[in-house]
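One structure is given below, encoded as structure tokens.
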């Protein structure tokens, strides 16, 4: 099922499950995954596009293997906020994908996500060849992080409403494993200073990219 609004999408998510972010391109699909705390987005893989059926099979095999409970698609709006042919293609992909899965699907404005991903990789001292290999999944992580930040904001609003006696029933982020907590602490602590300078999400993605690229598993097959 497709949801236009993040709160409606959030209401369909089971507790304690990760969600995936997609950067849909003409030739590739960048894929990222959140932790189970719905706190930090991590690059996962890049799918080389062929035909839709093959793309959907490869994508769902990847997401099912990671127990993803929802999908966030980057929506490539124009800089003035209007929707052009690329948005129409993304919405068509979402409609076709929703026919093959019961996972909830939503959209997130992806304007400048590729620029932000490129910047994160440059700040992580990544080579040009390596940037070309992973930029789509880094962009997907940037898109997904935007939704995770929005979910956190909704949680804070819900907490304030509860204290004032006007609770809205948003599902709270579930507990998670120690590894997810370490990721969360790393992203939050390493970026505290840059957050004060107004570069919170960009800084988090730079540090996540640097840490992710340092692992031997952070490579294309």
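Here is a yes/no grid of residues against (1) part of a helix (DSSP H, G or I); (2) under 20 Å from residue 152 (Cα atoms):
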site	(1), (2)
14	no, yes
23	no, no
26	no, no
63	yes, no
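Before we move on, is residue 145 within 19 Å of residue 25 (Cα to Cα), part of a helix (DSSP H, G or I), more than 17 Å from the chain's Cα centre (by Cα) and at pLDDT 90 or above? Considered against the rule, which asks whether it is within 19 Å of residue 25 (Cα to Cα), part of a helix (DSSP H, G or I), more than 17 Å from the chain's Cα centre (by Cα) and at pLDDT 90 or above, residue 145 comes out as no.
Which one is modelled with the highest pLDDT, of the residues in the range 30-39 that are surrounded by fewer than 23 Cβ atoms within 10 Å (Cβ to Cβ) and closer than 18 Å to residue 108 by Cβ?
So in the range 30-39, the residues surrounded by fewer than 23 Cβ atoms within 10 Å (Cβ to Cβ) come out as 35-37, 39.
Okay, now just the ones that are also closer than 18 Å to residue 108 by Cβ, so 35, 39.
Working: 35: 95, 39: 92.
Checking each candidate, the answer is 35.
Among the residues of the range 57-72, those identified as without any contact (Cβ under 8 Å) to a residue 60 or more places away in the chain and buried (at least 17 other Cβ atoms within 10 Å of the Cβ) are 58, 59, 62, 63, 68, 69, 71.
Under the condition of being within 22 Å of residue 14 (Cα to Cα) and surrounded by 13 or more Cβ atoms within 10 Å (Cβ to Cβ), the residues counted in the range 75-114 number 11.
The values are calculated or read from the model by the stated rules, or taken from the named source; none is laboratory data. It should be emphasised that the depicted structure is a prediction, and the values quoted were computed from it without experimental measurement. FYI the Cβ positions are ideal-geometry reconstructions off the backbone, even for glycines, and counts take in every protein chain you see.
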